[in-house]
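Take a look at the structure set out below.
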Amino acid sequence: MLAVVLSLAAAAAFAGSAMFIDSVSGRVGPLQLSRWQMGLAFLMTAAIVVATGGWRTLDAQMVLWLTASSASGIMIGSLTYIATIQFTGPRISALLFTTASPFALALGFGFRGETVSPTQAAGVGLIVAGIALAVMGPKQDEGARVPKPLWIGISLGLLTSVAQALGSLLARPAMLAGADPVAAMVVRSGTGALFFIALLAIPAFRPVALPTPVALRQIGLSAVAGMVVGMSFLMAALAVGDVGIVTTLSSTTPILILPMVWFVYHRMPRPLAWVGAALAVAGTALISATT
């Protein structure tokens, strides 16, 4: 049950992060956004770990696992997700990202022998279906784009899901060994920040201008919510729960963001989105009842 609570708390934090990012969307490029998010998250988590002494929970082997987790989930996963959006648009890329859950279940079973009961499997299926319904809608984001081969976008989207699922799987040994969740994020965010900073050596990846102070504040708030709080909850959940279940529950961000959008922007979500939310709640209940 603790894994369920921590995973849902991570999803809620990710939803809050997305709300902060929404205000700068279109004004800050995705690579620049990732670079600032990772850099700010590293500075904040490092300060926390130094103050609390959480760095003492890490050893060399844990750092290697967490670095590999960052390489898969942050480095590869972020780049392929950005590329997926360019080929398919945000709507289809969000749908493709729902496949991270079954990939995580398969990887958890194949590499760690983690299994789920039929009831839990049904819960996962309901959550994935609910997320898919929640992100479906009019193709407003795709109408003005230059047509590109859809199969490339789908392939990149599936690769993103595999990379994200593998990133969680690779972090699990360190978390099971007792790594502090915030200390784990220092390693993951620090590795990611170095990677995105290194990309500045490639002219095509250099930003045209720095973010404005207002945009930087929103990016900082998103980093606190998503990278510091949300990812720390996710790391803590991986210490007590199976990879597949944790990945599925922490992916319910599109569901949890519905009431936030309604409250902040006074935009009533579509009926189909509420159906998706109901399915996700039912799926979560099934998983919780058997955990």
Checklist outcome for this item: The residue from Ile74, Ile48, Ile21 that alone is part of a helix (DSSP H, G or I), under 28 Å from Leu210 (Cβ atoms) and more than 18 Å from the chain's Cα centre (by Cα) is Ile48
Checklist entry - So which residues in the stretch 8-42 are touching a residue at least 60 places away in the same chain (Cβ under 8 Å), open to solvent by 50 Å² or more (accessible area, probe 1.4 Å) and closer than 16 Å to Arg206 by Cα? => result Arg27, Trp36
Checklist entry - Filter the stretch 81-109 for residues that are modelled with pLDDT of 85 or more and closer than 19 Å to Gly283 by Cα; which is farthest from the chain's Cα centre (by Cα)? => result Ala106
Checklist entry - Looking only at the stretch 261-279, which residues are modelled with pLDDT under 90, part of a helix (DSSP H, G or I), touching a helix residue (DSSP H, G or I) at 6+ places or on another chain (Cβ under 7 Å) and surrounded by 15 or more Cβ atoms within 10 Å (Cβ to Cβ)? => result Ala273, Gly276, Ala277
Checklist outcome for this item: Scanning the stretch 160-179 for residues that are outside any helix (DSSP H, G or I) and surrounded by 24 or more Cβ atoms within 10 Å (Cβ to Cβ) gives Ala179
Next on the checklist: Regarding the stretch 62-80, can at least one residue be identified that is of a type in the set (A, V, I, L, M, F, W, C), at pLDDT below 90 and touching a Pro at 6+ places or on another chain (Cβ under 9 Å)?
Outcome noted: no
Next on the checklist: It is to be established whether one or more residues within the stretch 52-61 are in a helix (DSSP H, G or I), buried (at least 17 other Cβ atoms within 10 Å of the Cβ) and at pLDDT 90 or above.
Outcome noted: yes
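The values are calculated or read from the model by the stated rules, or taken from the named source; none is laboratory data. What you see is a predicted model; the values in this text were computed from it and never measured. Positions of Cβ are generated from backbone atoms using ideal geometry, with glycine treated the same way; all protein chains shown enter the neighbour counts. These area figures cover heavy atoms from the full protein model, side chains too; ligands, DNA and RNA do not enter into them. Shrake-Rupley method; radii C 1.70, N 1.55, O 1.52, S 1.80 Å.
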